[in-house]
Protein chains: 2
Amino acid sequence: MASPDLDFAAEKAGDPLFVQSLARGMQVMAAFQGVERALSLAEIAARTSITRSAAQRLVHTLRKMGYLRLTEDGRGFLPDLGVLDLTYDYLRLNPLLRRASPALLELRRNVRERVDLSLFDGQRMVYAARMQSKREMFFATLVGNTVPTFCTSGGWAVMAHLPDHQVDALLANADMKALTPRTLTDPAAIREQIAMARENGHALALEQILMGEVALGGAILGAEGRPVAAIHVAGSLSEWEPEEFRRRVAPLVAETVRSIESL
Amino acid sequence: MASPDLDFAAEKAGDPLFVQSLARGMQVMAAFQGVERALSLAEIAARTSITRSAAQRLVHTLRKMGYLRLTEDGRGFLPDLGVLDLTYDYLRLNPLLRRASPALLELRRNVRERVDLSLFDGQRMVYAARMQSKREMFFATLVGNTVPTFCTSGGWAVMAHLPDHQVDALLANADMKALTPRTLTDPAAIREQIAMARENGHALALEQILMGEVALGGAILGAEGRPVAAIHVAGSLSEWEPEEFRRRVAPLVAETVRSIESL
DNA sequence: CCACTTGTATTGCAATCCGATGCACTTGCA
DNA sequence: TGCAAGTGCATCGGATTGCAATACAAGTGG
């Protein structure tokens, strides 16, 4: 498992406003990314490139504040409930989500399939709102989950609104590993999807993230016309013919996007 | 609007392991609790009892790390996407949620109403998993949202598993303001509900949080038999007779609780 | 148009955080 | 049974690091 890039040492150099202790504390919180179980003090120290002493103090502090906790068996540390308070504030105060929420609920009422809103963050699309339908996988239902931009309907729709050189940069830097046998990892093939998205105003993705899933995505544009997020609707190929899915869902997504952007 | 208690100065006294800078940084993040719009540097400083200089450096650092951002109009600061990464790690690594998730999905399939799981945090019940049904309000659907323990079905169910002196302490310290005209704020009335919950193994709440809503809650017990969370099912009084709701939903909730605790 | 806000930048001083070390305890292997 | 390596927790002197006062440019509202 590749350790995430937690190295903020470079940032620090020659930045008198940068508070090292705070940064290290946040690195401790971020150390849990990609991890599957509780982390011991030594592991936290290793993953953050911080000495055990410092890690001890930072963990101690985060613990007292309710952001970290010791596991029941005392063997390691995990994020604690305080994190959800931050989550709530983020979601609640996000202007885009405030505007989008009613429209998303309306959309879900109409399509009766899973509806998501994900935020564009360069290489990643970060799920911020999920309206499930029937069956659901596991972690996939969690807020904050991320999927790569290069292989999702929403990502394609977003890239369709970026200038070519930005698309090129994004694809060049992407870590393209296939999530399913059908995931497109060839830049040319992806560019083709983007071209289609530019024509249609939406993108249709077949089994890019999950086998048996068809997804239709539309981009949401921010103030200066730059794409900031995407709406997805996901259905099952056992119930939908792809073209039928597009015919039925695309207009509804388009209208939802319009109604969000018009506010 | 009452400012939340962000005063960690007391904790600090005589705790050599406490990292002040980190604590202050987290206080900055927590400063957004209860706020309805972006916060200026001065406001952040005021709400955290930190000098403007310090607030500036902390905000600067949090910004560089993606936890805070400047609003488009440059008028203030808001939590940024980095928060959702922490959220995802918290949700994903929480052992209870890992176990509960499949059972909750199953429950929702059966009842076709909104199903929630909320974590017991003393005075508050914090929503950690939400499976909406049809109509929904906005903030109400967000992860990390909290409702008071004293006036929710889940809170009553949880208190039913606490010894009396702890219930007394909780009610004594509760800030009981009615959320609807029917919210129970009389300790005696609440104790009665708790008594009923002890008999039934679940609690039924009528219009305690929202008018027109009926909710049934069951407590989830942790390792040593202490309540740690609750499951809720919420329906509309326009569609359900309360007793009918109980008859139909209670057994399903009970079974879900059992299946979660048995893991 | 002036007074007041906003975010940003600089700098000397000392408090704060750093990190090496050591302890008490549990776990697992021999 | 006993050693070794893991755990979290505690101590302490020194200098790095964050502190707070101050100043600046830009923008707002009266």
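The values are calculated or read from the model by the stated rules, or taken from the named source; none is laboratory data. Note that the structure is a prediction, hence the values are computed from the model and not measured. Note that we place each Cβ from the backbone using ideal geometry, even for glycine, and neighbour counts take in every protein chain shown. Accessible surface is based on the protein model in full, side chains and every heavy atom, while ligands, DNA and RNA are left aside. Shrake-Rupley method; radii C 1.70, N 1.55, O 1.52, S 1.80 Å.
A point 7 Å from Cα along Cα→Cβ stands in for A:Pro102, and the other copies hold the same point at 4.0 nm, listed in rising order. Computed over the protein assembly as shown, the alpha-carbon pair-distance distribution with 10 angstrom bins reads 4, 18, 27, 27, 18, 6, 1, each value a whole percent. When only alpha carbons are used to place a centre, the stretch B:190-218 and the stretch B:38-62 end up 42 Å from one another. Taking amide H as placed 1.01 Å from N in the peptide plane, B:Ile220 has its amide H under 5 Å from the amide H of B:Val228, B:Ala229, B:Ala230, B:Ile231, each at least 5 places away in sequence or on another chain.
Grab the DSSP H runs of the protein assembly as shown that are 4 residues or longer, score each as -39,500 (n - 2.57), total them, divide by all residues and round the 222 nm result to the nearest 500 deg cm²/dmol. So the calculated ellipticity at 222 nm is -13500 deg cm²/dmol. Averaged over the residues of A:61-72, the number of partner chain Cβ atoms lying within 10 Å of the residue Cβ comes to 4.
Based on the alpha-carbon gyration tensor of the stretch A:9-82 and its eigenvalue square roots a ≥ b ≥ c, which shape applies: rounded if a/c is under 1.5, prolate if not and a/b is larger than b/c, or oblate? Because a/c hits 1.5 or more and a/b exceeds b/c, the stretch A:9-82 counts as prolate.
The angle between the Cα long axis of helix B:164-173 and the main principal axis of chain B comes to about 50°, on a 0 to 90 degree scale. Distances between placed amide hydrogens fall under 5 Å for B:Asp121 paired with B:Val126, all partners being 5 or more residues away or on another chain.
The residues packed around B:Leu263, meaning those with a beta-carbon under 12 Å from its beta-carbon, carry a net charge of +2 if Lys and Arg are +1 and Asp and Glu are -1.
Taking both sides together, what accessible area is buried at the B/A interface, probe 1.4 Å, expressed in Å² and rounded to the nearest 100? Don't skip to the end; give the middle numbers.
Numbers: alone 14820 and 14800 Å², together 22850 Å².
That pair of chains buries around 6800 Å² in total.
Could you check how many percent of all C-alpha pairs in chain A are farther apart than 35 Å? Taking all Cα-Cα pairs of chain A, the fraction more than 35 Å apart is 25 percent.
Ranked from shortest, the separations from the 7 Å Cα-to-Cβ label point of A:Pro187 to its equivalents in the other copies are 7.0 nm.
For B:Ala129, the residues whose amide H sits under 5 Å from its own are B:Leu117, ignoring neighbours fewer than 5 places away on the same chain, with H placed 1.01 Å from N.
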